[in-house]
Amino acid sequence: MTMKLEEILQYMIDNNASDIFIVAGLQLSYKKGGQQFRTDSERLMPADTYNLVEQIYGLARRDFRHFTENDQHDDDFSFSIPGLGRFRANVFRQRSSASAVIRVIPFGLPDPKANGIPEEVLELSRFQKGLVLVTGSAGAGKSTTLACIVDRLNHERSGHIVTMEDPIEYIHRHGSCIVTQREIPTDVATYAEALRSAIRESPDVILLGEMRDQDTMATAVTAAEMSQLILSTMHTSSASSTVDRIVDSFPSAQQRQIRMQLSLVLRAVVSQQLVPTIQGGVVPAFEIMVANTAIRNLIREEKTYQIDSVVASSSKHGMRTMDQSLFRLVKDGIITRDVALQHAIHPEALRNRLNTSGL
(Lines give C-alpha, C1' and ligand atoms only; values in the text may rest on other atoms or scores of the structure.)
Protein backbone atom coordinates (compact mmCIF):
# COMPACT_ATOMS: atom_id res chain seq x y z
CA MET A 1 0.00 0.00 0.00
CA THR A 2 1.52 3.31 -1.11
CA MET A 3 0.41 6.42 0.79
CA LYS A 4 1.58 9.97 0.22
CA LEU A 5 2.15 11.80 3.46
CA GLU A 6 1.28 15.23 2.06
CA GLU A 7 -2.15 13.93 1.00
CA ILE A 8 -2.67 12.48 4.48
CA LEU A 9 -1.72 15.79 6.11
CA GLN A 10 -4.07 17.71 3.82
CA TYR A 11 -6.91 15.31 4.67
CA MET A 12 -6.27 15.76 8.39
CA ILE A 13 -6.20 19.55 8.11
CA ASP A 14 -9.46 19.50 6.15
CA ASN A 15 -10.98 17.43 8.98
CA ASN A 16 -9.64 19.72 11.73
CA ALA A 17 -7.51 16.96 13.24
CA SER A 18 -5.15 17.89 16.06
CA ASP A 19 -3.00 14.73 16.01
CA ILE A 20 -2.31 12.00 13.45
CA PHE A 21 -1.32 8.46 14.52
CA ILE A 22 0.86 6.26 12.31
CA VAL A 23 1.10 2.90 14.09
CA ALA A 24 1.53 -0.59 12.64
CA GLY A 25 -1.49 -2.89 13.00
CA LEU A 26 -3.96 0.01 13.06
CA GLN A 27 -5.76 2.04 10.42
CA LEU A 28 -4.52 5.58 9.96
CA SER A 29 -6.08 7.40 12.93
CA TYR A 30 -6.46 10.93 14.19
CA LYS A 31 -7.66 12.94 17.16
CA LYS A 32 -10.23 15.72 16.89
CA GLY A 33 -11.83 17.58 19.76
CA GLY A 34 -10.17 15.22 22.23
CA GLN A 35 -11.74 12.13 20.61
CA GLN A 36 -10.06 9.45 18.49
CA PHE A 37 -11.23 8.59 14.99
CA ARG A 38 -10.06 5.85 12.62
CA THR A 39 -10.09 6.24 8.87
CA ASP A 40 -11.43 3.55 6.53
CA SER A 41 -7.92 2.82 5.22
CA GLU A 42 -6.40 -0.64 5.44
CA ARG A 43 -4.44 -1.54 8.54
CA LEU A 44 -0.92 -0.21 8.34
CA MET A 45 1.83 -2.81 8.09
CA PRO A 46 5.39 -2.22 9.38
CA ALA A 47 6.53 -1.54 5.81
CA ASP A 48 3.81 1.13 5.47
CA THR A 49 4.75 2.92 8.68
CA TYR A 50 8.45 2.75 7.75
CA ASN A 51 7.65 4.37 4.40
CA LEU A 52 5.54 7.12 5.99
CA VAL A 53 8.16 7.86 8.64
CA GLU A 54 10.78 8.07 5.91
CA GLN A 55 8.54 10.61 4.12
CA ILE A 56 8.29 12.64 7.33
CA TYR A 57 12.08 12.96 7.42
CA GLY A 58 12.10 13.89 3.76
CA LEU A 59 9.57 16.69 4.25
CA ALA A 60 11.46 17.89 7.34
CA ARG A 61 14.76 17.74 5.42
CA ARG A 62 16.32 15.64 8.14
CA ASP A 63 18.62 12.68 7.65
CA PHE A 64 16.54 9.50 8.13
CA ARG A 65 19.72 7.66 9.08
CA HIS A 66 19.75 9.69 12.28
CA PHE A 67 16.83 7.51 13.38
CA THR A 68 17.61 4.21 11.64
CA GLU A 69 21.35 3.81 12.16
CA ASN A 70 22.12 5.27 15.58
CA ASP A 71 19.91 3.09 17.79
CA GLN A 72 17.67 6.14 18.21
CA HIS A 73 14.53 5.13 20.10
CA ASP A 74 12.59 8.33 19.44
CA ASP A 75 12.99 11.69 17.75
CA ASP A 76 11.05 14.94 18.18
CA PHE A 77 11.10 17.77 15.64
CA SER A 78 8.93 20.23 13.72
CA PHE A 79 8.60 20.99 10.03
CA SER A 80 6.61 23.17 7.65
CA ILE A 81 5.03 22.57 4.25
CA PRO A 82 4.42 25.81 2.31
CA GLY A 83 0.74 26.39 1.66
CA LEU A 84 -0.28 23.48 3.89
CA GLY A 85 0.73 23.93 7.50
CA ARG A 86 3.25 23.44 10.26
CA PHE A 87 3.65 20.15 12.09
CA ARG A 88 5.37 18.65 15.12
CA ALA A 89 6.44 15.03 14.74
CA ASN A 90 7.40 12.49 17.37
CA VAL A 91 8.90 9.41 15.73
CA PHE A 92 9.42 6.32 17.87
CA ARG A 93 9.85 2.56 17.81
CA GLN A 94 6.89 0.36 18.69
CA ARG A 95 7.20 -3.45 18.68
CA SER A 96 10.33 -3.01 16.53
CA SER A 97 8.49 -1.00 13.88
CA ALA A 98 8.70 2.71 13.09
CA SER A 99 5.74 4.76 14.33
CA ALA A 100 4.88 8.43 14.59
CA VAL A 101 2.42 10.91 16.03
CA ILE A 102 2.13 14.19 14.12
CA ARG A 103 0.59 17.27 15.71
CA VAL A 104 -1.00 19.84 13.42
CA ILE A 105 0.12 23.40 14.20
CA PRO A 106 -1.79 26.04 12.25
CA PHE A 107 0.22 28.74 10.51
CA GLY A 108 0.17 31.95 12.49
CA LEU A 109 -0.23 32.39 16.22
CA PRO A 110 -3.15 31.07 18.29
CA ASP A 111 -6.08 33.32 19.13
CA PRO A 112 -6.43 33.53 22.95
CA LYS A 113 -10.23 33.95 22.81
CA ALA A 114 -10.70 31.02 20.42
CA ASN A 115 -8.55 28.87 22.70
CA GLY A 116 -10.37 29.88 25.88
CA ILE A 117 -7.36 31.58 27.50
CA PRO A 118 -8.60 34.10 30.09
CA GLU A 119 -7.33 37.66 30.38
CA GLU A 120 -5.92 36.89 33.84
CA VAL A 121 -3.42 34.52 32.20
CA LEU A 122 -2.47 36.97 29.44
CA GLU A 123 -1.92 39.70 32.04
CA LEU A 124 1.01 37.69 33.43
CA SER A 125 2.96 39.35 30.62
CA ARG A 126 3.01 42.49 32.76
CA PHE A 127 5.74 41.08 35.02
CA GLN A 128 9.13 42.63 34.33
CA LYS A 129 11.13 39.90 36.02
CA GLY A 130 10.80 36.65 37.92
CA LEU A 131 9.55 33.15 37.09
CA VAL A 132 6.16 32.36 35.49
CA LEU A 133 5.31 28.67 35.00
CA VAL A 134 2.59 27.05 32.89
CA THR A 135 2.00 23.47 33.97
CA GLY A 136 -0.10 20.47 32.99
CA SER A 137 0.08 17.08 31.31
CA ALA A 138 1.35 16.53 27.77
CA GLY A 139 -1.15 17.87 25.25
CA ALA A 140 -2.87 20.17 27.75
CA GLY A 141 -2.18 23.28 25.65
CA LYS A 142 0.81 24.70 27.55
CA SER A 143 2.66 25.72 24.36
CA THR A 144 -0.45 27.50 23.08
CA THR A 145 -0.82 29.46 26.31
CA LEU A 146 2.85 30.46 26.32
CA ALA A 147 2.67 31.49 22.65
CA CYS A 148 -0.22 33.85 23.49
CA ILE A 149 1.69 35.37 26.42
CA VAL A 150 4.81 35.85 24.29
CA ASP A 151 2.74 37.43 21.49
CA ARG A 152 1.31 39.97 23.93
CA LEU A 153 4.82 40.73 25.24
CA ASN A 154 5.99 41.11 21.65
CA HIS A 155 3.41 43.82 20.96
CA GLU A 156 3.12 45.66 24.28
CA ARG A 157 6.74 46.23 25.28
CA SER A 158 10.18 46.46 23.75
CA GLY A 159 13.21 44.29 24.39
CA HIS A 160 14.78 40.98 23.42
CA ILE A 161 12.75 37.77 23.76
CA VAL A 162 14.78 34.55 23.56
CA THR A 163 12.89 31.25 23.23
CA MET A 164 14.32 27.75 23.64
CA GLU A 165 12.00 24.96 22.50
CA ASP A 166 12.13 21.25 21.68
CA PRO A 167 10.95 21.60 18.98
CA ILE A 168 9.85 25.11 17.94
CA GLU A 169 6.09 25.06 17.40
CA TYR A 170 4.84 28.62 16.86
CA ILE A 171 6.89 31.08 14.82
CA HIS A 172 6.97 34.63 16.21
CA ARG A 173 7.71 37.56 13.92
CA HIS A 174 9.63 40.53 15.30
CA GLY A 175 7.12 42.99 16.73
CA SER A 176 8.05 45.77 19.12
CA CYS A 177 10.51 43.19 20.48
CA ILE A 178 13.36 41.30 18.87
CA VAL A 179 12.40 37.61 18.99
CA THR A 180 15.19 35.00 18.83
CA GLN A 181 14.05 31.36 18.65
CA ARG A 182 16.45 28.46 19.24
CA GLU A 183 15.54 24.81 18.76
CA ILE A 184 16.84 21.99 20.96
CA PRO A 185 19.00 20.13 19.86
CA THR A 186 19.29 21.62 16.34
CA ASP A 187 20.56 25.08 17.34
CA VAL A 188 21.92 24.21 20.78
CA ALA A 189 22.44 20.88 22.54
CA THR A 190 20.44 21.18 25.79
CA TYR A 191 18.07 23.50 27.64
CA ALA A 192 20.67 24.16 30.33
CA GLU A 193 23.28 25.12 27.73
CA ALA A 194 20.79 27.30 25.83
CA LEU A 195 19.76 29.04 29.04
CA ARG A 196 23.34 29.77 30.09
CA SER A 197 23.99 31.13 26.60
CA ALA A 198 20.81 33.24 26.59
CA ILE A 199 21.84 35.04 29.79
CA ARG A 200 24.78 36.49 27.80
CA GLU A 201 22.53 37.61 24.90
CA SER A 202 21.03 40.69 26.59
CA PRO A 203 17.59 39.09 27.09
CA ASP A 204 14.61 40.77 28.69
CA VAL A 205 12.35 37.70 28.43
CA ILE A 206 13.42 34.06 28.20
CA LEU A 207 11.00 31.31 27.21
CA LEU A 208 12.33 27.94 28.32
CA GLY A 209 10.33 25.14 26.69
CA GLU A 210 10.48 22.88 29.74
CA MET A 211 12.23 22.71 33.12
CA ARG A 212 13.27 19.06 33.08
CA ASP A 213 16.14 18.66 35.53
CA GLN A 214 17.92 20.17 38.50
CA ASP A 215 20.58 21.89 36.38
CA THR A 216 17.99 23.65 34.22
CA MET A 217 15.86 24.61 37.25
CA ALA A 218 18.85 26.05 39.11
CA THR A 219 19.92 28.11 36.09
CA ALA A 220 16.34 29.33 35.50
CA VAL A 221 15.97 30.48 39.12
CA THR A 222 19.33 32.26 38.94
CA ALA A 223 18.31 33.98 35.68
CA ALA A 224 15.03 35.07 37.28
CA GLU A 225 17.06 36.65 40.09
CA MET A 226 18.99 38.67 37.48
CA SER A 227 16.03 40.94 36.59
CA GLN A 228 14.83 38.82 33.67
CA LEU A 229 11.36 37.36 33.09
CA ILE A 230 11.55 33.58 32.68
CA LEU A 231 8.60 31.68 31.19
CA SER A 232 8.63 27.88 31.28
CA THR A 233 6.55 24.70 31.63
CA MET A 234 6.44 21.67 33.90
CA HIS A 235 4.41 18.46 33.95
CA THR A 236 2.66 19.16 37.25
CA SER A 237 -1.03 19.56 38.06
CA SER A 238 -1.15 22.46 40.53
CA ALA A 239 0.83 25.34 41.99
CA SER A 240 1.59 23.47 45.20
CA SER A 241 2.81 20.34 43.39
CA THR A 242 4.93 22.55 41.12
CA VAL A 243 6.75 24.12 44.06
CA ASP A 244 7.25 20.69 45.65
CA ARG A 245 8.57 19.22 42.38
CA ILE A 246 11.18 21.96 42.03
CA VAL A 247 12.33 21.72 45.64
CA ASP A 248 12.41 17.90 45.62
CA SER A 249 14.64 17.94 42.52
CA PHE A 250 17.51 19.23 44.67
CA PRO A 251 19.54 17.34 47.30
CA SER A 252 18.21 17.80 50.83
CA ALA A 253 21.17 20.00 51.77
CA GLN A 254 20.16 22.52 49.06
CA GLN A 255 16.40 22.46 49.52
CA ARG A 256 16.27 25.21 52.13
CA GLN A 257 18.20 27.53 49.84
CA ILE A 258 16.08 26.78 46.76
CA ARG A 259 12.91 27.40 48.81
CA MET A 260 14.21 30.82 49.77
CA GLN A 261 15.13 31.64 46.17
CA LEU A 262 11.83 30.36 44.82
CA SER A 263 9.83 32.40 47.33
CA LEU A 264 11.56 35.51 46.00
CA VAL A 265 11.48 34.89 42.22
CA LEU A 266 8.24 32.96 41.62
CA ARG A 267 5.61 35.29 40.16
CA ALA A 268 2.82 32.95 39.03
CA VAL A 269 1.89 29.36 38.25
CA VAL A 270 -0.84 28.53 35.73
CA SER A 271 -1.98 24.90 35.70
CA GLN A 272 -4.26 23.76 32.92
CA GLN A 273 -6.04 20.74 31.48
CA LEU A 274 -8.30 20.19 28.48
CA VAL A 275 -11.80 19.06 29.43
CA PRO A 276 -14.43 17.49 27.10
CA THR A 277 -17.40 19.76 26.44
CA ILE A 278 -21.08 18.96 26.04
CA GLN A 279 -20.78 19.97 22.36
CA GLY A 280 -18.12 17.31 21.69
CA GLY A 281 -15.04 19.54 21.72
CA VAL A 282 -12.59 20.44 24.48
CA VAL A 283 -12.19 23.52 26.64
CA PRO A 284 -9.27 24.48 28.92
CA ALA A 285 -9.73 24.70 32.67
CA PHE A 286 -7.20 26.80 34.57
CA GLU A 287 -5.78 27.13 38.04
CA ILE A 288 -4.16 30.57 38.38
CA MET A 289 -1.83 31.31 41.30
CA VAL A 290 -0.13 34.70 41.63
CA ALA A 291 2.55 34.78 44.30
CA ASN A 292 1.56 37.26 47.01
CA THR A 293 3.03 37.76 50.48
CA ALA A 294 1.01 34.90 51.99
CA ILE A 295 2.08 32.42 49.31
CA ARG A 296 5.73 33.47 49.54
CA ASN A 297 5.63 32.80 53.29
CA LEU A 298 4.06 29.37 52.74
CA ILE A 299 6.85 28.45 50.28
CA ARG A 300 9.55 29.56 52.74
CA GLU A 301 7.92 27.79 55.68
CA GLU A 302 7.41 24.47 53.84
CA LYS A 303 3.60 24.79 53.98
CA THR A 304 2.85 24.44 50.28
CA TYR A 305 -0.18 22.27 51.10
CA GLN A 306 -1.93 25.49 52.21
CA ILE A 307 -1.43 27.25 48.85
CA ASP A 308 -4.77 25.93 47.52
CA SER A 309 -6.64 27.67 50.34
CA VAL A 310 -4.97 31.02 49.62
CA VAL A 311 -5.73 30.71 45.89
CA ALA A 312 -9.37 29.78 46.59
CA SER A 313 -9.89 32.91 48.70
CA SER A 314 -8.08 35.33 46.36
CA SER A 315 -10.42 35.61 43.38
CA LYS A 316 -10.39 39.40 43.63
CA HIS A 317 -6.66 39.24 42.83
CA GLY A 318 -7.24 37.21 39.65
CA MET A 319 -6.62 33.81 41.21
CA ARG A 320 -8.72 30.67 40.91
CA THR A 321 -8.37 26.99 41.75
CA MET A 322 -8.86 24.23 39.20
CA ASP A 323 -12.07 23.17 40.95
CA GLN A 324 -13.40 26.73 40.83
CA SER A 325 -12.76 26.77 37.06
CA LEU A 326 -14.54 23.45 36.64
CA PHE A 327 -17.49 24.70 38.72
CA ARG A 328 -17.77 27.75 36.50
CA LEU A 329 -17.73 25.60 33.34
CA VAL A 330 -20.58 23.46 34.72
CA LYS A 331 -22.55 26.55 35.76
CA ASP A 332 -22.13 28.04 32.28
CA GLY A 333 -23.41 24.82 30.67
CA ILE A 334 -20.12 24.08 28.89
CA ILE A 335 -19.24 20.77 30.57
CA THR A 336 -21.25 18.17 32.47
CA ARG A 337 -21.18 17.63 36.19
CA ASP A 338 -19.64 14.16 35.76
CA VAL A 339 -16.82 15.50 33.58
CA ALA A 340 -16.06 18.19 36.18
CA LEU A 341 -15.82 15.60 38.95
CA GLN A 342 -13.56 13.38 36.83
CA HIS A 343 -11.09 16.26 36.38
CA ALA A 344 -11.37 17.80 39.85
CA ILE A 345 -8.45 18.07 42.26
CA HIS A 346 -10.81 17.62 45.25
CA PRO A 347 -13.84 15.72 43.84
CA GLU A 348 -15.76 15.45 47.13
CA ALA A 349 -15.53 19.17 47.86
CA LEU A 350 -16.59 20.02 44.30
CA ARG A 351 -19.49 17.54 44.49
CA ASN A 352 -20.74 19.24 47.67
CA ARG A 353 -20.53 22.67 46.05
CA LEU A 354 -22.38 21.47 42.95
CA ASN A 355 -25.08 19.89 45.13
CA THR A 356 -25.46 23.07 47.15
CA SER A 357 -25.85 25.09 43.94
CA GLY A 358 -28.36 22.61 42.48
CA LEU A 359 -26.07 21.68 39.57
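For the stretch 180-189, taking the residues that are in contact (Cβ under 8 Å) with a residue 24 or more places away in the chain and not hydrophobic (A, V, I, L, M, F, W, C), the one that is nearest to Ser158 (Cα to Cα) is identified as Glu183.
Scanning the stretch 55-92 for residues that are at pLDDT below 85 and part of a helix (DSSP H, G or I), we see that the one that is surrounded by the most Cβ atoms within 10 Å (Cβ to Cβ) is Phe67.
Answer with yes or no whether Ser41 is out of contact with any Asp or Glu (no Cβ under 8 Å at 6 or more places or on another chain), in a loop (DSSP other than H, G, I, E, B) and of a type in the set (Gly, Ala, Ser). Here the answer is yes, as Ser41 does meet what is asked. Has the stretch 266-287 got any residue that is more than 19 Å from the chain's Cα centre (by Cα) and of a type in the set (Phe, Trp, Tyr)? Checked the stretch 266-287: no residue is more than 19 Å from the chain's Cα centre (by Cα) and of a type in the set (Phe, Trp, Tyr). Residues in the stretch 193-217 that are of a type in the set (A, V, I, L, M, F, W, C) and surrounded by fewer than 20 Cβ atoms within 10 Å (Cβ to Cβ): Ile199 alone. Close contacts from the stretch 22-41, counting a first residue that is in the same structural domain as Ser99 (by TED's automatic domain parsing) and touching a residue at least 40 places away in the same chain (Cβ under 8 Å) and a second that is surrounded by 15 or more Cβ atoms within 10 Å (Cβ to Cβ) and among the charged types (D, E, K, R), with Cβ to Cβ under 8 Å and a gap of 6+ residues or different chains, come to Ala24/Asp48. Note on the stretch 313-356: residues that are surrounded by 13 or more Cβ atoms within 10 Å (Cβ to Cβ) and acidic (Asp, Glu) amount to 1. Exactly one residue out of Ser18, Ser29 is among the small types (Gly, Ala, Ser) and at pLDDT below 90: that is Ser18. Residues in the stretch 273-305 that are polar (S, T, N, Q), within 17 Å of Ile246 (Cα to Cα) and either out of contact with any Leu (no Cβ under 7 Å at 6 or more places or on another chain) or loosely packed, with under 14 Cβ neighbours inside 10 Å (or both): Asn297 alone. The single condition among (1) in the same structural domain as Ser18 (by TED's automatic domain parsing); (2) under 20 Å from Arg173 (Cα atoms); (3) touching a residue at least 60 places away in the same chain (Cβ under 8 Å); (4) not polar (S, T, N, Q) that Val101 does not meet is (2). Scanning the stretch 170-216 for residues that are more than 18 Å from Val132 (Cβ to Cβ), in contact with a helix residue (DSSP H, G or I) (Cβ under 7 Å, 6 or more places away or on another chain) and part of a loop (DSSP other than H, G, I, E, B) returns Gly175, Ser176, Ile184, Val188.
The values are calculated or read from the model by the stated rules, or taken from the named source; none is laboratory data. None of these values were measured; they are calculated from a predicted model. Glycine also receives a Cβ, built like all others from the backbone with ideal geometry; neighbour counts cover every protein chain displayed.
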